[in-house]
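A short write-up of the structure that comes next.
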Amino acid sequence: MDAGAVGTLIKKDLILLFRNKALGIMPHVFLVLLIVIYFIMPGTVNEKLKLALYGTNIPQILIDEMAESGVELVITNSEEELNRGVEDGDFIMGMTIPDDLLQRISTGERPEVKAVFGPSVLPAMKKAELTFTEQIIFLLQGEPLNIRVEEKILGPDMTGRQIPTRDRLIPIFALFIILMEIMGVAILIVEEHERGTLSALLVTSMSMGSLLTAKAITGIGLAFLQAVFVLTATGILIANPLILLTGLFLGSMLVAGLGFLVATLGRDIMTVIAWSIVVLLTLFMPAFNILLPGVMSDWVKIIPSYYLTDLMHRAVHFDAGWAEIWKNCVLLLTIDLCLMAVGSFALRRRLA
Amino acid sequence: MSVSRILSILRKDLVHSPKSFHFIQAVFTPLVCTLMVYLLFGSVLSGKPSVGLVYEGETEISELIRKTDFLRLFEYESLDTLKTAVLSGKLDVGIAIPAGFDQDIRKEKPAQLRSYIWGQSLMKDRAVIFAGLFDVFVELAGKEVRVDVKTITLGNGEIKPLGERFLPLLVLLAIMMSGLLIPASTLVDEKQRQTLTALTVTPASFEEVVAAKSLLGFIMSFVMGALTLILNNSFGSKPGLLFLTLAMAAIFASAFGALAGVMLKSLIGLTNFGKSLILIIYGPGILSLFPKIPQWIAKLFPTYYIFNPVLEVTQNNAGITDIGIDLIILTILIIAMTTIVFLVGRQKKPQII
């Protein structure tokens, strides 16, 4: 393989890419927008429900018990203060309980309790929040249920350190950037084929191996650098730099093999785009497991990108070390090499 | 400019364009997105916590939970499958109910159950589930909360569920995809195949070709916008005003598509152009999904003046006085966009043909 020729071809592809405003500049605008979106989104997770209460005295033990289960009861000084707080969104709901509640209940009366909601509460959630009112009143009535609930937490307990949505999106952003380059590599090859410059290149001393190597390096390099850029700009890379860089590099290597395969399937640029979308959508599925855990079942593990998203998710959000993610690295590398071998074989046959 | 020549070119494009990738993409993307939103927001993204049950013998608990309407219930055959579902995040909480649990509660005997909580579930979701279960147990025990609860909602109106909040974004997607991609891709395709030059040696002028492509974009954009509303059964109480908004939006989108078609040289460039503008085009819709972000930011996006009138008419029954300013700004944007298309077209014409 001629390293000089490979270098020249990479340089040519990059020059052509950055000369083209649409291909060279627009994707970078997209990267910047992803970063802006990240910083606009909330960086914390509101885990608790805050309820305002006015009226009868609530025993401190009940307030503490509710707080332990994630419901913070705040006693207000007046009904107006309660209404204002609910309307401003400081509380998800307010409860106005008469001072003489228990006295009236004991005489057989059914006193009225007001449950006040803000305008932003969904109807289904209103019903859910009403159950808190009923739970509190029932406990105040002093008729405890004789039920013992044994609790067991499965998986790491993230109470108090939940992952904000914007951080869940980071592995997805990185995956998206990498996957988009599959289309880039395939287009680089098919474009040369369509324009006839591929035949022109191959009649020089350049071998098919050198040509494919150059395209692969361009695609892998672009995917890797863009993903690293987003992770650096958002400050995520600091979390676990070596593992994340390894993961991103192995993930970027998917670009080469899959790019070759897509280029084999596509007759022209438009069919390449069409096939790329099919491949992108398939490879994007594991990302849903991060954003919406539990949506996908175990079959998602047959999709190669699962090992990249899983690696990144665990490295970024659960401080996973090499001991936890080495299997992902080995599997990704194996898949990368297999796809590259199959892809270059298929492409050589197609272009021969 | 001849109307009959524009219609002839339009007829040709109507016959040939549906085979092109961008045409298929423009038509199918909004339909697939509508389906996905329907499927996802009906379940996973409904905002309702999920609870799983596994029980020995008979229990009324599952039936009572189903009635609550604010929990998503899943039932399992074995404890292992329940635990796997909790670990995967499908369930926030899994409950194992022993045999005779219902009878024990009814007879006020001590009862016990095990709960398995997913470590990543939010405390508020856990609280809602346990409050819901508490309610169920109170009912099962034949007891009652001896008060009357009066519900008061402050402020104007109620917030819509997330699935409904996606509707204006879907409409925007349908309008912009067809309006932008169809005129742009048909123009660029003609340029790439050099049939544009061939077309302009006929009596048809370059301006007529651009007008025909824009007209196709307008028709498809309007039809796709209306189709999305039909699929979501969301014409609101003022369909006339909604159609006017859709028509104006389709004109803006197709003018933008014509501009892209005139400026861009290749279909791949168009693909990248579309990709790069995703966030700018759909920004107002995305921002509206996050009410905590200051909503004035959305007004900086030109597509806000399409998104907001659709939102107001379909979901808040707004009238012309409510969305009048938005429509005036949209009209200004249409005039500006058409002028830019005209000026850029005149400048690029010698290079194109």
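The figures follow:
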item	result
Chain A - charge dipole about Cα centre, Lys and Arg +1 at Cβ, Asp and Glu -1, debye rounded to 20	2200 debye
Rounded to whole Å, sorted largest first: equivalent-ellipsoid semi-axes of region B:49-140, Cα gyration tensor	20, 15, 11
Projected label distance in nm at B:Ile230 and A:Val203, using a 7 Å step from Cα toward the beta-carbon	5.5 nm
Amide proton proximity set for B:Glu75, modelled H, under 5 Å, gap of 5+	B:Leu53
Reachable lysines from B:Lys19, criterion Cα separation under 25 angstrom, eight or more residues apart if same chain	B:Lys191, B:Lys213, B:Lys265, B:Lys275
Estimated FRET transfer efficiency (A:Glu194, A:Asp100; beta-carbon r; R0 51 Å; 0.05)	0.05
Region A:48-55 - phi-based ³J(HN,Hα) in whole Hz, Karplus 6.51/-1.76/1.60, Gly and Pro as x	9, 9, 10, 10, 9, 9, 9, x
Averaged over B:110-116, number of beta-carbon atoms from partner chains that fall within 10 Å	5
Inter-label distance for A:Ile61 and A:Thr334, nm, one decimal - labels placed 7 Å from Cα along Cα-to-Cβ	5.9 nm
Extension gain from B:Leu289 to B:Gln103, taking 0.36 nm per residue of separation minus the Cα-Cα distance	62.4 nm
Lysine pairs meeting the criterion (Cα under 25 Å, 8 or more apart or interchain), as found in region B:49-140	6
Gyration tensor (alpha-carbon) shape descriptor, chain A, a/c threshold 1.5	prolate
Positive-pole candidate from B:Met248, B:Pro294, B:Leu333, dipole of chain B, charges at beta carbon	B:Leu333
Relative pair counts by distance (%), Cα atoms of region B:279-353, 5 Å bins	3, 15, 18, 20, 16, 10, 7, 6, 4, 2, 0
Calculated log₁₀ intensity ratio I(q)/I(0) where the Debye formula runs over C-alpha points of the protein assembly as shown, q = 0.05 Å⁻¹	-0.32
Descending Cα extents along the principal axes, region A:49-141, whole Å	37, 27, 26
Residue of A:Ala256, A:Ala223, A:Ala200 that the Gaussian network model of chain A assigns the largest fluctuation, springs spanning Cα pairs under 10 Å	A:Ala200
Extension gain from B:Val344 to B:Ala247, taking 0.36 nm per residue of separation minus the Cα-Cα distance	32.5 nm
Using θ = phi - 60° and Karplus 6.51 cos²θ - 1.76 cosθ + 1.60, couplings along region A:29-37 (whole Hz; Gly, Pro as x)	4, 4, 4, 4, 5, 4, 5, 4, 4
Lysine pair number, Cα distance threshold 15 Å (strictly under), chain A, separation 8 or more or different chains	6
Where Rh is the Kirkwood radius over Cα pairs, Rg/Rh for region B:133-276	1.34
Amide H within-cut-off set for A:Val113, under 5 Å, with H built and near neighbours excluded	B:Asp148, B:Val149, B:Lys150
Amide H partners (placed H, <5 Å) of A:Ser207, local residues excluded	A:Asp2
Whole-Å distance, taken between Cα centres, linking region A:100-149 and region B:296-353	50 Å
Fluctuation leader among B:Pro239, B:Pro302, B:Pro98 - chain B, Gaussian network, Cα springs under 10 angstrom	B:Pro98
Top of A:Val185, A:Val45, A:Val262 by mean-square fluctuation, Gaussian network on chain A, Cα under 10 Å	A:Val45
Region A:1-156 - Rg and Dmax from Cα coordinates, angstrom	28.5, 97
Share, in percent, of DSSP beta bridges within region B:49-140 that are antiparallel, nearest 5	30 percent
Label point 7 Å beyond Cα of A:Ile238 along Cβ direction - residues of region A:135-167 with amide nitrogen under 20 Å	A:161-167
Amide N of region A:274-297 lying under 16 Å from the label point, which is placed 7 angstrom from the Cα of A:Ala346 along Cα→Cβ	A:274-283
Net charge contributed by nearby residues that have their C-beta within less than 11 Å of A:Ser106 (K/R +1, D/E -1)	0
10 Å Cβ shell holding at most 14 others, DSSP loop, trypsin sites (Lys or Arg not before Pro): longest site-free stretch of chain A	A:1-160
Modelled FRET efficiency - R0 56 Å, A:Met285 with A:Glu81, Cβ distances, 0.05 increments	0.70
With at most 12 other Cβ atoms within 10 Å, longest stretch of chain B clear of loop trypsin sites (Lys or Arg not before Pro) (DSSP)	B:108-291
Mean residue ellipticity (222 nm) of the protein assembly as shown, computed from DSSP H runs ≥ 4 via -39,500 (n - 2.57), nearest 500	-22000 deg cm²/dmol
Cα coordinate range in chain B, projected on the principal axes (Å, largest first)	93, 45, 31
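Since every read-out is calculated from the coordinates, none of them should be taken as a lab result. Keep in mind it's a predicted model, so treat the numbers as computed, not measured. Quick reminder, even Gly has a Cβ in these numbers, built from the backbone with ideal geometry, and neighbours come from all protein chains shown.
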